[in-house]
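Enquirer: Structure in C-alpha cells, see below.
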Amino acid sequence: MQETALTLSTTELLAIPALPLIGAMIAGLFGWAMKERMAHSITSGFVILSALLSIHVFTQVLAGASFHGNLWTWMIAGDFVVPVGLLIDRLTTIMMVTVTVVSACVHIYTIGYMHGDPGYPRFFAYISAFTFSMLVLVMGNNFFTLFFGWEAVGLFSYLLIGFWFKRESANYAAMKAFIVNRVGDFGFAVGILAIWYYYGSVEYKTVFAMTPDFVAQNVTLGFMGWEVAAITFICLALFVGAMGKSGQVPLHVWLPDSMEGPTPISALIHAATMVTAGVFMVARLSPMFEFSETALVVVTLVGAITAWMCATIGLVQNDIKRVIAYSTCSQLGYMFVGLGVSAYSASIFHLMTHAYFKALLFLAAGSVIHAVMAEQDIRKMGQLRKYMPVTYITMLLAALALAGVPPFAGFFSKDLIIEATMAREFTEYGWVGSFATFAVLTGVFMTAFYTFRMFFLTFHNSDRVDPHAKGHLHESPKVITIPLMILAVGAVGSGIWGVTVLDIANPEVLNGYFGDAIFVMDAHNPLMVMAADGGVHGALGMILHAPFTLPFWLALGGIGLAYFMYFKQTTMPAKIAAASGPIYTFLLNKWYWDELYEKIFIRPARSLGTFLWQRGDLGIIDKGAIHKGIIDNIVAGAARMRAMQTGFVYHYAFAMVSGVFVLLTYLLLKA
Amino acid sequence: MANVTFPFPFPDHLITLMPEMIVAIMAMFLLLFDVFVAKGSKTTAYLAIATTVAAGVATWSLQGPDPLVAFYGFFVFDSFAVFSKFLIYVATALGMILSLEYMKNEKHIGEYYVLMLFAMLGMMLMVSSNNFVTMYLGLELMALCVYVLVAYQREVLRANEAALKYFILGALSSGMLLYGITFLYGVTGSFDFAVMGEKLAHAEGDATAAVMLGMVFLIAGLGFKVSMAPFHMWTPDAYEGAPTPVTAFMSVAPKVAGFVIFMRIVADLLPALQHEYQSILIGVAVLTIAVGNLAAIAQRNIKRMLAYSTVGHVGFIMMGLIAGSPAGFSGILVYLSIYLVMTMGVFAVIILMRREGIQGELLDDFAGLSKVRPGYALAMGLFMFSMAGIPFLGGFWAKYVVFMAAVEAGHLYLVLYALLFSAVGAFYYLRVVKYIYFDEERVAFNFIESRPMQATVFVTAVTIVFLGLFPDALFELCRQALVGLV
C-alpha cells in the first residue's frame, strides 16, 4: 500500500471496541439499579457512536489510510510473546461498519422488542459485550486477539441463546451451540498452535510474509497415517474452527436450534455477524489458504454441500425463524464456496449484503412474531400484510435481496460468487468444481422458492391466525420499524453501492476494492478469468446482463413456483408432500443429523458419564475405597488426637518428658 | 557530653537499647499513671499503643547497614533483629487494639497493658540476643507476663485453670531448657552462640553424648514456647482459657520470638550438628503437622481449633528450619509475617462477634454470618482460605516459600507429607466458610461496634489479598533481613 499522509488516530480506533465494552459493563454491573430507559440509552448510545466512528474510519481507509501496530503486550512466557495490536485495512473496515451498523439497528430494535422483560439491562449488556468481542475479532493483528474474540463471541452467543434460562429448550440449545462450537474451536486452537510451532510468531503480517518460503520448504507432517503438507494441515485445522462458528456441515446442527434465543440476537449474532466470523477468518488468512489447493478444495466442497443441503431443508420448514436460519446456513455455504474458489472479495461482499438483508429478514420476522403473540409457525399466519404494512414492505425487499433479484443487494454478491464458481477450475479434484457449480445454481432456485414460500404464507395466502391473537394484530411501534427501514436501505442499496462505489467486482483492479488486504494468486483469480471472458462492468452492466444468465431465471422460477403453489394451487403443497413421502419426511427431519449425533456421540457420552459417576465417583470415592481408606482414617485420627488431650496436666508433662526421652534415645542409639 | 564512666561507656552502648529503654520506662510510667485515671478510661491503652509506635520509630531510626552491638556482645541489633522486632511491635499493637473493647470492663486494666508491654520487652530482648544469658532473661520476662495475661480474668475458672497449666508446664520447659544449656555450657565453657558453635564442632568422645543431651533438652525447651508436638499440649487449653485478645497476642508474638531464637541457634550454635538436629526436627515436624491438622478437625470451639491450627502452622514453619538454608530462613520470616496478619484478622472478627454474656466462640456461632454482616463474612472467608493456603492469597505464598526451600534442600518426601496434611487442614478451615455462608443463623448476632477493630479487620483482609497478589516486596524484605545471619 502506498505511503499516505492520512493517519488513523489510535484513540479513535480503540474507542470503537471500547465504547460497547463500557456500555456493557455499565449495564451489566449496575443494570439492577437502572430504569430500562437508562440501560438502553447508555448501551445503544455507545454502540451508535461506535458505528459512526467506524464509518469515519471506513472513509479514511477508503481514502488510503491504514494502521498496523502493536499497542501493548498481553503476555510473555519465555520467547512466546502475545501482543495486543490492531490491523486496520479495507477488509477490517468493511467488517467494522457491517458489525456496528447492524448492531446499532439491533440495539434500537431491542428497545421495543424486549420491553418489559425482567432481564432487560442484562440483554443490553450482553449484546454490547458481544459487539465488543466481534470488533476485537476483526480488528486484531494477530491470531491471539482473533482467538480471544472468537471465544468471546461464542460465550455471548451461548449466554444469549440461553437468555430465557427458565426455558428448558433454550438451555438445551445454548449448550448445544457451545458444545458443537467446542469441536470447531478445538480445531481452531490446534491450527493456531501449529502456526506458533512452525512460524514462531502469531502476528498476521509476520506469518504471511514467511508463508511463501515456508511452502517452498515443503514441510510436511504425519497426521493419522497421512503425510500432509504443514500449510494444508494448518489451514484445514483453522477451517474446522470456521465450520463450527459459521454453521457448516457437519457442525451446522447448532445454528437452527440457536433460534431459541430472542429474535434480535438471531439477527445480530446468528445471521449478520458472529456466524460470518469463519468467512472473515478465511479471507483474512487468504495469504495462507492460497498456498494450499487441498484446503481450498475442502472449503469449496464443505461450502457447496452446506449451501445445497440446508437449502433443501429450508424448503419444508414451518417455523418462520427456522426457515431463515437454514437459509443462513445455506448462504454461509455460498460464501465458503466463494472463498474456496478464491473469490474472497465476492465472499466478503456477500457477507456484507447478507448481513443487511438477513438481519432485516430476522427483525421483520421478529416483528411478525411480536404481532401474533409469539407464534412462530407460518401455517398459523397469513394475510398479515393488511395489519403490518411496514413490516410487509421491508420483508419483501429483504426477500427479493435474498432471492437474488436484480437490482437488490443479494443479486450482485451472489451472482459474483456463482460466476466465480463457474470460472474456477481446480487442477485436481475437478469434480468438486462441477459439484459446487451444480450446488450454487440449484441453490438459487431453492432459495428463491423457500424465501417466497415463507413470505407468501406469512403475508398472503388464507388467514389462519389464531382467533385469540387476532385482536392483538397491529403494526409494531416505530422503535421496531425504524431499524427495519434503515436495514432495508442496506438490503436494497448495498449491492449497487458495493459495485459502484467500492468497485468490488472490477476485475481490472486485482481484488477490486480490497487491494492488498486480500491475497490471490494470479492463477486462481476467478475475476481475472472472468475478465478474460469479457466480464461485465458496473452495476448497470450487471443488471442488464442478468437476463442472459441462468441464475436470474432460476431465481424467477423459484419465486414463480412459490407463487403458483401458495397463491394459485394452494392444495398442491400437501399433495406433493404426500406424494414424495419419504423424501419429505427426510427433509422435514433435517436429514436426521440430530438423530445421527444422538446415536453416535450423545448416547455413548452419556453412558460413559453415568458409568464414571455411578462406579467411579459414587462407587470408589464417595462410598468406596477412598472414603473408607482416607476419610474414615482421618476422622478416627482426629478423634484419637482429641482423646489424648485429656486436660490433666500430668498427662501433658508426661508427653513432654517422653518426647524428650524418645528423641534422646534415638540420637544416642544412632551415635 | 561529659565522659561518664559507667561500667560501660555511655551513650554508645545504651543508644542501641533505645527501643527497649523506651518500652521499659513507659511500662513503669503507665503503672503509676494508671492509678490516676478513671475506671473505664482508655487512656492507658492508647499510651501503651503509642509506646509500641515509639519503639518502632526508635528502632527505625537506629537501623543502619552495619549491625550494632552492646554490652560486650551480649546484645545485638542487626537487620534480623530489626525485622523481627517490627513483627513483634505490630503483633503487640494489634493485640492491644483487640483488647480495647474486650477488656474495658476488667478491673485494674492499666496493669493489663503494662504486662503486654513487659512481655513485648522480653521478646525484644530475645530477638536481640546471641547468647543464652540474654535469651533466657528475655524469655522468662515474656513468659511470666503471658502467664498472668492468660489468667487476667480472675473470676473465670477456665482462665485460671489454663494459666495454671501453662505455668506448671512452662516451669517444666524452662527447667529442660536450662538443663540443656548447662550441658552445652559444660562442654564449651561459653554462653555465646558463635563461640559455642565453634567449640561444638570439635567436641569428641564423651562430650558428644553431653552435646546430644544438651541439644535435645534445648530443642524441647524452646519447642514448648513455639508449640511443637509433643510439647504443644498446653496450647489448646491456654488458648481457650485466655481472654481472646491475649490468645491473639500469644499465638503470634511469642511464636515470632521463639522462631527467631531457633534460627539464631540453628545458624550459629548448631551448624556442626546439622545432621543430628535435622533428624530430630524432622521427627518433631512430622508429629506436629499431624497433630495440628488432625486434632483441629475434632474441635467445636474456634479458639481451640485455631490453637491446633497454630500447631499445624508451626509444623509447616519448621520446614524452613529443616531446610536450614537462607531460602528457608527467609521463608520462615515470610511465613511469620503473613501468619501474623491472618491470625490477627481472624481474632478481630471473633472478638467483634463476642456477645454480651456469651463467649461467642463456638463454630456454630458463625452460622449465617454472611447474611447479617457480609463484610465480616467476606473477611473471615478470606482469612480461612488464606490459612488453608489457597492461591492467590497471602497464606499460599507463606506455604510456598517454606515448602520450596525444603524441596531445594532435598526434603521432598517431607514436603509431600506436609502437602497432604495441608489438604486435610483445608477441611476445617473451609468448614468455617461453610458455616458462614451456607448455614442458617441460629442465635441472634450482637456485635461489638468498634472502629479500631473494624479497621483492623479491613486492613488485615486487604493486606492478605495484596500480599497474595504482590508478594515480591515481602520476599525481598525478608531476604534483606537475613543479611549477616546466614
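Enquirer: So, residue B:72, is that one in a loop (DSSP other than H, G, I, E, B), open to solvent by 40 Å² or more (accessible area, probe 1.4 Å), among the aromatic types (Phe, Trp, Tyr) and farther than 22 Å from residue B:255 by Cβ or not?
Expert: yes
Enquirer: Looking only at residues in segment B:211-237 that are away from chain A (no Cβ under 11 Å) and in a helix (DSSP H, G or I), which one is surrounded by the fewest Cβ atoms within 10 Å (Cβ to Cβ)?
Expert: In this case the residue turns out to be B:222.
Enquirer: Which of the residues that make up segment A:180-209 are touching a residue at least 60 places away in the same chain (Cβ under 8 Å) and of a type in the set (Val, Ile, Thr)?
Expert: Across segment A:180-209, the qualifying residues are A:180, A:183, A:202, A:207.
Enquirer: Going by what's in this entry, would residue B:258 be described as touching a Lys or Arg at 6+ places or on another chain (Cβ under 7 Å) and at pLDDT 95 or above?
Expert: yes
Enquirer: Further question: Given the options B:24, B:38, B:58, B:70, name the one that is at pLDDT 95 or above and on the phi < 0 side of the Ramachandran plot.
Expert: Answer to the selection: B:24.
Enquirer: Identify, please: which residue in segment A:635-671 is loosely packed, with under 12 Cβ neighbours inside 10 Å and of a type in the set (Gly, Ala, Ser) and is, among those, nearest to the chain's Cα centre (by Cα)?
Expert: Selected residue: A:636.
Enquirer: Could you tell me whether residue B:485 is at pLDDT below 90 and surrounded by 14 or more Cβ atoms within 10 Å (Cβ to Cβ)?
Expert: Yes: the conditions hold for residue B:485.
Enquirer: Are there any pairs with C-beta distances below 6 angstrom linking a residue in segment A:360-381 that is at positive phi to a residue that is open to solvent by 10 Å² or more (accessible area, probe 1.4 Å) and part of a loop (DSSP other than H, G, I, E, B), with the two at least 6 apart or on different chains, and if so which?
Expert: Qualifying pairs under 6 Å: A:373/A:472.
Enquirer: Condition check: open to solvent by 10 Å² or more (accessible area, probe 1.4 Å), modelled with pLDDT of 90 or more and among the hydroxyl-bearing types (Ser, Thr, Tyr). Does residue A:220 satisfy that?
Expert: So residue A:220 fails the test.
Enquirer: Can I ask one more? Would you tally the residues in segment B:20-38 being over 16 Å from residue B:120 (Cβ atoms) and either open to solvent by less than 60 Å² (accessible area, probe 1.4 Å) or touching a residue at least 24 places away in the same chain (Cβ under 8 Å) (or both)?
Expert: Residues meeting the conditions: 4.
Enquirer: Taking residue B:418 as the residue in question, decide whether it is under 30 Å from residue B:268 (Cβ atoms) and open to solvent by less than 50 Å² (accessible area, probe 1.4 Å).
Expert: Considered against the rule, which asks whether it is under 30 Å from residue B:268 (Cβ atoms) and open to solvent by less than 50 Å² (accessible area, probe 1.4 Å), residue B:418 comes out as yes.
Enquirer: Would you mention how many residues in segment A:439-477 are in a helix (DSSP H, G or I), touching a residue at least 12 places away in the same chain (Cβ under 8 Å) and either within 17 Å of residue A:321 (Cα to Cα) or not small (Gly, Ala, Ser) (or both)?
Expert: Number satisfying all stated conditions: 20.
Enquirer: Take the conditions more than 14 Å from chain A (Cβ to nearest Cβ), farther than 27 Å from residue B:432 by Cα, in contact (Cβ under 8 Å) with a residue 40 or more places away in the chain and buried (at least 23 other Cβ atoms within 10 Å of the Cβ) and apply them to residue B:330. Does it pass?
Expert: yes
Enquirer: In segment A:453-464, what residues are open to solvent by 10 Å² or more (accessible area, probe 1.4 Å) and in contact with a helix residue (DSSP H, G or I) (Cβ under 6 Å, 6 or more places away or on another chain)?
Expert: Across segment A:453-464, the qualifying residues are A:453, A:456, A:457, A:461, A:464.
Enquirer: Quick one: which residue in A:621, A:626 is open to solvent by less than 90 Å² (accessible area, probe 1.4 Å), within 14 Å of another protein chain (Cβ to nearest Cβ) and modelled with pLDDT under 85?
Expert: After applying the criteria, what remains is A:626.
Enquirer: Ok, one more. Let me spell it out: the conditions are (1) open to solvent by less than 10 Å² (accessible area, probe 1.4 Å); (2) under 13 Å from the mean Cα position of the chain (by Cα); (3) farther than 30 Å from residue A:54 by Cβ, and residue A:173 meets all of them except one. Which number is the exception?
Expert: All conditions are met except number (2).
Enquirer: Moving to a separate point now. Residue check: is residue B:196 crowded, with 20+ Cβ neighbours inside 10 Å, in contact with a Ser or Thr (Cβ under 8 Å, 6 or more places away or on another chain) and outside any loop (DSSP other than H, G, I, E, B)?
Expert: Answer is yes for this residue.
Enquirer: Kindly state which helices (runs of 4 or more DSSP H) lie completely within segment A:541-659 and contain at least 3 residues that are closer than 30 Å to residue B:217 by Cα.
Expert: Because the criterion is at least 3 residues that are closer than 30 Å to residue B:217 by Cα, the helices (runs of 4 or more DSSP H) in segment A:541-659 that meet it are A:632-644.
Enquirer: Moving on. Filter segment A:660-671 for residues that are in a helix (DSSP H, G or I) and at the interface with chain B (Cβ under 7 Å from one of its Cβ atoms); which is nearest to residue B:217 (Cα to Cα)?
Expert: In this case the residue turns out to be A:660.
Enquirer: Against the definition (farther than 30 Å from residue B:209 by Cβ, at the interface with chain B (Cβ under 9 Å from one of its Cβ atoms) and at pLDDT 85 or above), how does residue A:603 come out, yes or no?
Expert: For residue A:603, the condition - farther than 30 Å from residue B:209 by Cβ, at the interface with chain B (Cβ under 9 Å from one of its Cβ atoms) and at pLDDT 85 or above - is not met.
Enquirer: For segment B:238-280, give me the residue count where each residue is open to solvent by less than 10 Å² (accessible area, probe 1.4 Å), small (Gly, Ala, Ser) and closer than 21 Å to residue B:180 by Cβ.
Expert: 2
Enquirer: Right, something else. Of a type in the set (Val, Ile, Thr) and either surrounded by fewer than 22 Cβ atoms within 10 Å (Cβ to Cβ) or over 21 Å from the mean Cα position of the chain (by Cα) (or both) - does that describe any residue in segment B:351-363?
Expert: Within segment B:351-363 (the criterion being of a type in the set (Val, Ile, Thr) and either surrounded by fewer than 22 Cβ atoms within 10 Å (Cβ to Cβ) or over 21 Å from the mean Cα position of the chain (by Cα) (or both)), the answer is yes, since at least one residue qualifies.
Enquirer: Additional query: Restricting attention to segment B:289-304, and to residues there that are within 20 Å of the chain's Cα centre (by Cα) and within 11 Å of another protein chain (Cβ to nearest Cβ), which single residue is most open to solvent (accessible area, probe 1.4 Å)?
Expert: This residue is B:304.
Enquirer: Same structure, new question: Any chance you could count how many residues in segment B:126-156 are in a helix (DSSP H, G or I), in contact with a helix residue (DSSP H, G or I) (Cβ under 9 Å, 6 or more places away or on another chain) and open to solvent by 30 Å² or more (accessible area, probe 1.4 Å)?
Expert: 6
Enquirer: Follow-up question, since we're still on this one. Select, from B:342, B:319, the only residue that is open to solvent by less than 10 Å² (accessible area, probe 1.4 Å), within 16 Å of the chain's Cα centre (by Cα) and within 21 Å of residue B:422 (Cα to Cα).
Expert: The match here is B:342.
The values are calculated or read from the model by the stated rules, or taken from the named source; none is laboratory data. From a predicted model like this one, the values you see are computed outputs, not experimental measurements. In this analysis, Cβ positions are derived from the backbone assuming ideal geometry, glycine residues included, and neighbour counts consider all displayed protein chains. In case anyone asks, the SASA skips ligands and DNA or RNA and just uses the protein heavy atoms, side chains included. Shrake-Rupley method; radii C 1.70, N 1.55, O 1.52, S 1.80 Å.
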